[in-house]
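Heads up: the structure comes next, in structure tokens.
The numbers here are math on the coordinates, done by the rules we state, and not lab data. Predicted, not measured: the structure shown is a model, and the values here were computed from it. So basically every Cβ, Gly included, is an ideal-geometry build from the backbone, and we count neighbours across all protein chains shown.
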Amino acid sequence: MRINPFLHKRQETSLYLFNLELNPTTLDKFKNIKYVIMQGSSKRAHALARQLAHLVLNLDMRFYEPVNLVNTSNFAVYRVGNILSVSHGMGNISIDALLHTITKLLYYAGNTAVEYIRVGTSGGIGVEAGSIIITQNAYMPNLAPYYTSYELDQARDLPTYFDSALIARILAAQPENPIWPIIIGNTIAADDFYLGQCRYDGAMFARQNLNFRTNFFNKIRDLNILNFEMESSSLAAFCIQAQIPATMIAVTVVNRLNGDQITATPAQLTEYSDRAQQVVINYLQILQANN
Ligand code: R2B
Ligand code: URA
């Protein structure tokens, strides 16, 4: 992990975005962490923490309930053994705030070698709903293979490739004949769910017509871009700078070549999210077995 050298001198006493005091009792709770698994919603982070406790640590779930370790309604953080299951909210700006905060907390608690994996949902492009995409490179909507970050008015283009060794380890942990497709590909991180992904069902009118959109969707296949979501470029850029191995495992909930609306039932959507979680559980199970 590579961290801002000014943190040595600053001696923060609290983490504002977690509403958390940085005292020895707090820091003890975050020692010896190896994996941080991130999802958009706190509910999914809680559900994953339960699954990890049951399937990775083999805890008796009659006696264990994950506890949220932070005091904000913006994010949730659950600990299961050496794994954190956290929520990051929606969009690059939200995950970026989470990444700074959780990384400082882990650093202050003495962790130096961690992996970050986002487990999420996405809109497939020419990929059937329910497929799992593991992202190699995140793209901006203008198809730049980097993330433009602004410090005041100064733009910096930061690389957005994910860790190929981590992706290979995750793949190696999957069953030989998975029940659903697990595909390695690239991802566009859009700035919003509607117009940024050229949906026609938003409250505002999209100016690009279907012909333009179809051409764009065809063009991005040449870059092996298989899905849209909203956080991957910031996650990749942050983790490259911080030297933290990272990737994203996202299930597709719609094939955008067939339309804009997510027509899957709530039960189907939960099952799709469970698929993405299962991929990371398979990985973490193998690691814990080898420990
Ligand atoms: C995927 O799904 C969310 C929007 O529904 C967003 O956070 C993302 O990246
Ligand atoms: N998340 C997105 O960002 N887009 C979709 O189409 C589905 C989930």
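Helix-only arithmetic for the chain: the sum of -39500 (n - 2.57) across DSSP H runs with n ≥ 4, divided by the residue total, places the mean residue ellipticity at 222 nm at -10500 deg cm²/dmol. Hey, fewest Cβ within 10 Å first, where do Y283, Y161, Y64 land in order? The order, fewest Cβ neighbours first, is Y64, Y161, Y283.
Need the full-extension length gain, Y200 to T13, defined as separation in residues times 0.36 nm minus the C-alpha distance. One decimal, nm. It would help to have the intermediate numbers written out before the result.
Values: separation 187, 0.36 × 187 = 67.32 nm, distance 4.72 nm.
Roughly 62.6 nm would be gained on extension.
Note that segment 201-210 has calculated 3J(HN,Hα) couplings of 10, x, 6, 10, 7, 7, 7, 7, 7, 5 Hz, one per residue in order, obtained from phi through the Karplus relation 6.51 cos²θ - 1.76 cosθ + 1.60 (θ = phi - 60°); glycine and proline are x. Around the Cα centre of segment 13-84, unit charges on the Cβ atoms of Lys, Arg, Asp and Glu (plus for the first two, minus for the last two) sum to a dipole of about 200 debye.
Please say if segment 83-239 is rounded, prolate or oblate, where rounded means a/c under 1.5 for a ≥ b ≥ c the square roots of the C-alpha gyration tensor eigenvalues, and otherwise the choice is prolate for a/b larger than b/c and oblate otherwise?
Details: a/c = 1.91, a/b = 1.23, b/c = 1.56.
Cα axes put segment 83-239 in the oblate bin.
Assuming a ≥ b ≥ c are the square roots of the Cα gyration tensor eigenvalues, decide whether segment 172-231 counts as rounded (a/c under 1.5), prolate (otherwise, with a/b larger than b/c) or oblate.
Details: a/c = 2.82, a/b = 2.06, b/c = 1.37.
Note, shape of segment 172-231 comes out prolate.
Close amide H pairs (under 5 Å, H built 1.01 Å from N) link L59 with H54, residues at least 5 positions away or on another chain.
Between N32 and T270, how high is the FRET efficiency from 1/(1 + (r/R0)^6) when r is the Cβ-Cβ distance and R₀ = 25 Å? Nearest 0.05. Efficiency computed from Cβ-Cβ geometry: 0.20. What share of the DSSP beta bridges in the chain is antiparallel, in percent to the nearest 5? Taking every DSSP beta bridge within the chain, about 40 percent pair in antiparallel fashion.
Within segment 105-194, which GluC sites (Glu not before Pro) sit in a loop by DSSP and count at most 11 neighbouring Cβ atoms inside 10 Å? Each step should come with its number before you reach the end.
Values: sites: E115, E128, E151, E176; in loops: E128, E176.
Answer by residue number: E176.
Sequence-distant or interchain residues sharing an amide H contact under 5 Å with T148, placed H: which? Residues meeting the criterion, in which the H sits 1.01 Å from N, are L158. Derived scalar couplings between HN and Hα for segment 263-273 equal 9, 4, 6, x, 5, 5, 5, 5, 5, 4, 4 Hz in order, rounded to whole Hz, by the Karplus curve 6.51 cos²θ - 1.76 cosθ + 1.60 (θ = phi - 60°), x for Gly and Pro. One Cα centroid belongs to segment 176-201, the other to segment 68-138; the line between them spans 17 Å. The distance linking segment 230-291 with segment 1-63 is 19 Å (Cα centroid to Cα centroid, whole angstrom). For the chain, the dipole from Cβ point charges (+1 on Lys and Arg, -1 on Asp and Glu) about the Cα centre works out to 300 debye, to the nearest 20.
Amide hydrogen proximity for G40: with H placed 1.01 Å from N in the peptide plane, the residues at 5 or more positions away or on another chain lying under 5 Å are H88.
Of the residues I134, I95, I170, the one that moves most in a GNM of the chain with alpha-carbon contacts below 10 Å is I170. Couplings for segment 174-184, taken from phi via the Karplus curve 6.51 cos²θ - 1.76 cosθ + 1.60 with θ = phi - 60°, read 8, x, 4, 10, x, 5, 10, x, 10, 10, 8 Hz in order; Gly and Pro are left as x. Counting only residues at least eight positions apart within a chain, or on another chain, the aspartates and glutamates with an alpha carbon under 18 Å from that of K31 are E12, E21, E115.
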